[in-house]
Amino acid sequence: MIEIPKMSDCLNFVNNQWVKGSGEFSPVVSPYTGKEIGRFYHSDKNDIDQAVGSALKAFHSWSKTPLKERTRIMFNFRDILLRDIDKITHIKCSESGKTFNEGKAGLLKGIEVLEFALSLQNLDTMGKMEVSRGVSCEYRRRPLGVVASITPFNFPAMVPMWTIPIALTLGNCYVWKPSEKTPLTSIAIAEALKEAGLPEGVFSVVQGSRECAEALIDHPKIKAIAFVGSTAVAKSVYQRGTTLGKRVLALGGAKNHIVLLPDANPELSGVGISNSFTGCAGQRCMAASVLLAVGDVEKHISEIKKTASSQTLGESMGAIITKEQKEFLESATERAVADGASVILDGRNAPAPKGFEGGYWLGPTILDNVKPQSEAHIKELFGPVLSIIRCKDITEAMEIENSISYGNACSVFTSNGALAEKVIEQASAGMVGVNVGVPVPREPFSFGGINDSKFGHGDITGETSLNFWSDLKKVTTKWEKQSDNNWMS
């Protein structure tokens, strides 16, 4: 069980110092208890100006620091995160509702991206080539300047760690606005970077909600913005930022499908699909939310239900982020039943863990015979709810999968390689899994969806992310007159 930290104030981090925001404070409430565990002070435009101003002052020196020296600080950062991993995990779980194991796994995934950034000193060596007699061309990578990131509540350490290591290692200065629901984790990460030796102004944190985010997007000195959140907000951030001429990569929501075929291994599919929709209490953009059940798969569904029923709230499954979200999920279940679905596993009355009865708890819920046009299929519910749609064949299943505007993930459970390949080719998703419930790529393979799950080009991690956080300067050099006469003369 997680340990709830003592009450703490979440301040802004500017010039390696903690500074109180100019606005009023709002409470930080733990999903485990329903009680206040901290508070943050809202930042206004002047606070944003202060953070960006300190970053601008630091940029010249930081961008001129040799890559190997910047990497050495990131190595220190990694060591500190691993040293304090349990402490940070308890903090992030207490404010996000994750179990300890989920919280630790998320931080380790973030450290994996950090390790990719550490490899850039050896991998990203650019290139130089003699293109004609006495003439050479080369690439030189240059940081953008001051960049910003706006991150969600559900992964308060992992998602920012998708961008912090790469952006900083490339020589940018970075301003981070964490979710107002989970600001405590930002304190631990900022302190770790400070201890690692990061110079003043290179990394800043600004606390706040919508006003703070909009001021950050609008600031004329911010060159690039990364965002992760709901599709509606991601699209708004992308439009607002790009209208101002900024580089924006905004990741949105998802409605991920799993195609279940009769020849799939029942035990493998039962565990994989159950863990996909119950992990992180379903509050992740890679969770399975729709099961496209092709043909006779009753024994497989029984295994899914059996595995899901074995989850223990507070131990193997975490809490829902807010009381309002819990109530929304419960009402969404009622609406699905009104639309003709049946509840074959009902988590609405699941017992809360002892000592945490005031928290926001919802057990695994499975809806069967969901109609493709219903809310339970079309809308991202963001909770431990699996909607089963019955399909006569794989063609119908893929038509349903393709009908959704999102495009994050799709998986297939089967023993047939040809059918798996058909799903891989036809799925309208940026990330596809075969007998994998959560097809998150591992570094250096990048994370990113398509369609309404992503606005912008490239991915947020992996090799393609380098071109988001930097520019390529192309240099052509000639030192003497060529002996021949061609177009390069």
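The values are calculated or read from the model by the stated rules, or taken from the named source; none is laboratory data. Quick caveat: nothing in here was measured; it's all calculated off a predicted structure. Cβ sites come from the backbone with ideal geometry, for glycine too, and all protein chains shown count toward neighbours.
State all residues of the stretch 436-457 that are under 25 Å from residue 174 (Cα atoms), in a loop (DSSP other than H, G, I, E, B) and in contact (Cβ under 8 Å) with a residue 60 or more places away in the chain; if no residue qualifies, say none.
442, 443, 444, 447, 448, 449, 456, 457
When only residues in the stretch 287-301 that are assigned to a helix (DSSP H, G or I) and in contact (Cβ under 8 Å) with a residue 12 or more places away in the chain count, which is nearest to residue 353 (Cα to Cα)? Don't jump to the end; show me each part of the working.
As a first pass, look at the stretch 287-301 and keep what is assigned to a helix (DSSP H, G or I): 298-301.
After this cut, where a residue has to be in contact (Cβ under 8 Å) with a residue 12 or more places away in the chain as well, the list is 299-301.
Values: 299: 30, 300: 29, 301: 27 Å.
Filtering first and then ranking leaves 301.
Quick check: anything in the stretch 351-368 farther than 25 Å from residue 314 by Cβ and in contact with a helix residue (DSSP H, G or I) (Cβ under 9 Å, 6 or more places away or on another chain)?
Yes: one or more hits.
Among the numbered criteria (1) of a type outside the set (Lys, Arg); (2) in a strand (DSSP E or B); (3) closer than 20 Å to residue 149 by Cβ, which one does residue 433 miss?
Failing condition for residue 433: (3).
Among the residues that make up the stretch 331-350, is at least one of them within 25 Å of the chain's Cα centre (by Cα), outside the structural domain of residue 99 (by TED's automatic domain parsing) and at pLDDT 95 or above?
We begin by selecting, within the stretch 331-350, every residue within 25 Å of the chain's Cα centre (by Cα); these are 332.
In the following step, the residues that additionally are outside the structural domain of residue 99 (by TED's automatic domain parsing) were identified as 332.
Remaining after also requiring at pLDDT 95 or above: 332.
Checking the stretch 331-350: at least one residue is within 25 Å of the chain's Cα centre (by Cα), outside the structural domain of residue 99 (by TED's automatic domain parsing) and at pLDDT 95 or above.
Check 404, 460, 400 and return the single one that is in contact (Cβ under 8 Å) with a residue 12 or more places away in the chain, assigned to a loop (DSSP other than H, G, I, E, B), of a type outside the set (S, T, N, Q) and touching a His at 6+ places or on another chain (Cβ under 9 Å). Spell out the reasoning first.
Working: 460 fails: touching a His at 6+ places or on another chain (Cβ under 9 Å); 400 fails: assigned to a loop (DSSP other than H, G, I, E, B).
Matching residue, one of 404, 460, 400: 404.
Do we have any residue at all in the stretch 312-328 that's assigned to a helix (DSSP H, G or I), closer than 20 Å to residue 438 by Cα and either in contact with a Gly (Cβ under 9 Å, 6 or more places away or on another chain) or not assigned by TED's automatic domain parsing to the domain that holds residue 89 (or both)?
no
Name the single residue that is farthest from residue 277 (Cα to Cα) among those in the stretch 384-437 being charged (D, E, K, R) and within 25 Å of the chain's Cα centre (by Cα).
First pass over the stretch 384-437, keeping only residues charged (D, E, K, R): 390, 392-393, 396, 399, 401, 421-422, 425.
From the residues that got through so far, the ones that are within 25 Å of the chain's Cα centre (by Cα) too are 401, 425.
Numbers: 401: 17, 425: 24 Å.
Out of the qualifying residues, it is 425.
Taking the criterion of being assigned by TED's automatic domain parsing to the domain that holds residue 171, part of a strand (DSSP E or B), of a type outside the set (A, V, I, L, M) and crowded, with 16+ Cβ neighbours inside 10 Å, would at least one residue in the stretch 25-38 satisfy it?
Let us first name the residues in the stretch 25-38 that are assigned by TED's automatic domain parsing to the domain that holds residue 171, namely 25-38.
Narrowing further to those that are part of a strand (DSSP E or B): 25-29, 36-38.
Next, from what is left, pick out any that are of a type outside the set (A, V, I, L, M): 25-27, 36, 38.
Restricting the remaining residues to those that are crowded, with 16+ Cβ neighbours inside 10 Å gives 26, 38.
So far as the stretch 25-38 goes, yes, one or more of its residues are assigned by TED's automatic domain parsing to the domain that holds residue 171, part of a strand (DSSP E or B), of a type outside the set (A, V, I, L, M) and crowded, with 16+ Cβ neighbours inside 10 Å.
On the basis of being at pLDDT 95 or above, touching a strand residue (DSSP E or B) at 6+ places or on another chain (Cβ under 8 Å) and aliphatic (A, V, I, L, M), does residue 213 make the cut?
Details: at pLDDT 95 or above: yes; touching a strand residue (DSSP E or B) at 6+ places or on another chain (Cβ under 8 Å): yes; aliphatic (A, V, I, L, M): yes.
Yes; evaluated as a whole, the condition is true for this residue.
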